[in-house]
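In what follows, a structure is listed as structure tokens, so that the remarks can point back to it.
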Amino acid sequence: MSTVDLTPEEYANEYGESRQRIRSIVEAAVSNPTTAQSIASVTIPACPDWTLTNICSHLAGICRDLVERNNPGADTQAWVDRQVAERADRSLGSLLDEWDEYSPRFETLIAKHPRGFSGLVLDVVAHEHDICGALGIEGDRTSRGVHACMLIEARQILDRDLVAHSLGAARFLADGEEWLCGTGDVGLTLDLGDHPSGTWELTRLLGSRRSLAQLRAYPWQGDLDRYLPGIAHMDLPASDLVE
């Protein structure tokens, strides 16, 4: 496991930093005369059912709902779908303003209750790079938020899912760090030590942002197919996602 942990306050800060980067990215696209007219309806390849407006609606909506204690019920997807639908006709600027309004209080929640809310750091940083991919730009792939994402993937998701599927441990290496997930003997290893943005790439492949063909192309040691139920937490893209 990586020994470079973050404090609750640092997790909260990384949420806010990602929010600010997203605002800058979206505002730059809106101010560009060649993209301004169509930018709101750009499809997000990593979330193909969503446009840029939809993904900003999700980010603003989930933040506001949690601050106002409109917590999800048993059907989390319906909760998310409502947030997006309610904001379908809003401008990008108004969505970003709404998010800015509620985010400081949400960041306080993350700092006070990191086990309950730090997973949303993974959500926001993942969507930050989803947006970058849709706009054809390279975001900050070495931010501390990316490191936070890998910690959350390893400690909150992979540990749980590997055990739930009765799989052994899995080992991931990148950027001079190591994440050992699950329990028991290591049955799967992936070393991206030669990748220029290895930790970022791990967060993308472990966050279901790579197709099955792309997953199989990595230099795995072990039986990937046997481990897939423990490392693919959502449906994989039907076609390759190149970022």
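All of the numbers you see were taken from the coordinates with simple rules; none came from a lab. Just so it is clear, the model here is predicted, and its values are computed rather than measured. Methodologically, a virtual Cβ is constructed for each residue, glycine included, from the backbone with ideal geometry; neighbour enumeration extends over all protein chains shown.
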Problem - Under 17 Å from the residue 223 label point (7 Å along Cα→beta-carbon), backbone N, the stretch 153-172 - result: 162-171
Exercise for the section: Note down the relative contact order for the chain as a percent, whole number, built from C-alpha pairs under 8 angstrom at least six residues apart. Expected result: 20 percent
Exercise for the section: Can you grab the distance from the C-alpha centre of the stretch 11-53 to the C-alpha centre of the stretch 92-121, Å, no decimals? Expected result: 17 Å
Handout entry: Charged-residue dipole, Cβ positions (Lys, Arg, Asp, Glu), the stretch 8-135 about Cα centre, Debye nearest 20
Key = 80 debye
Completion exercise
Residue-ordered couplings for the stretch 56-73, obtained by feeding phi - 60° into the Karplus form 6.51 cos²θ - 1.76 cosθ + 1.60 and rounding to whole Hz (Gly and Pro as x), are 5, 4, 4, 5, 5, x, 5, 5, 5, 4, 5, 5, 8, 6, 8, 6, x, x
Completion exercise
The simple spin-label model distance between residue 242 and residue 194, using points 7 Å out along Cα→Cβ, in nm, is 2.1 nm
Practice task
Determine, from the Cβ-Cβ distance of residue 112 and residue 35 and an R0 of 25 Å, the FRET efficiency 1/(1 + (r/R0)^6), rounded to the nearest 0.05.
Solution key: 0.05
Handout entry: residue 233 long-range amide H proximity, modeled H, under 5 Å
Key = 208
Fill in the blank from the handout: When the chain is treated as a Gaussian network with springs between alpha carbons less than 10 Å apart, the largest mean-square fluctuation among 75, 140, 185 is found at 75
Exercise for the section: Could I have the simple spin-label model distance between residue 86 and residue 20, label points 7 Å from Cα toward Cβ, reported in nm to one decimal? Expected result: 2.8 nm
Handout entry: Inter-label distance, nm, simple model (7 Å from Cα along the C-beta direction), residue 138/residue 70
Key = 4.0 nm
Problem - Under Karplus coefficients 6.51, -1.76 and 1.60, residue-wise ³J(HN,Hα) of the stretch 225-235 in Hz, glycine/proline x - result: 4, 5, 8, 3, x, x, 10, 9, 8, 9, 4
Fill in the blank from the handout: With residue 93 itself left out, Lys, Arg at +1 and Asp, Glu at -1 over residues whose Cβ is under 11 Å from its Cβ give -2
Exercise for the section: Using the Cα centre as the reference, give the magnitude of the dipole from point charges on the C-beta atoms of the stretch 73-148 (Lys, Arg: +1; Asp, Glu: -1; all else neutral), rounded to the nearest 20 debye. Expected result: 360 debye
Completion exercise
Magnitude of the Cβ-charge dipole (Lys and Arg +1, Asp and Glu -1) of the chain about the Cα centre, nearest 20 debye, reported as 280 debye
Practice task
Between residue 186 and residue 164, take the C-beta separation as r, use R0 = 30 Å, and let me know the FRET efficiency to the nearest 0.05.
Solution key: 0.95
Practice task
Specify whether the C-alpha gyration tensor of the stretch 142-191 places it in the rounded, prolate or oblate class, a ≥ b ≥ c being the square roots of the eigenvalues: rounded for a/c under 1.5, otherwise prolate if a/b is larger than b/c and oblate if not.
Solution key: oblate
Practice task
For an R0 of 30 angstrom, estimate the FRET efficiency from the Cβ-Cβ distance between residue 5 and residue 234 and round to the nearest 0.05.
Solution key: 0.70
Fill in the blank from the handout: Once phi for every residue in the stretch 207-213 is put through the Karplus expression 6.51 cos²θ - 1.76 cosθ + 1.60 (θ = phi - 60°), the whole-Hz ³J(HN,Hα) values, with Gly and Pro written as x, are x, 6, 10, 9, 5, 4, 4
Problem - Contour minus Cα-Cα distance for residue 101 and residue 49 (0.36 nm per residue) - result: 16.1 nm
Completion exercise
Checked the chain with the C-alpha gyration tensor, a ≥ b ≥ c its square-rooted eigenvalues, rounded below a/c of 1.5, otherwise prolate if a/b is larger than b/c and oblate if not; verdict prolate
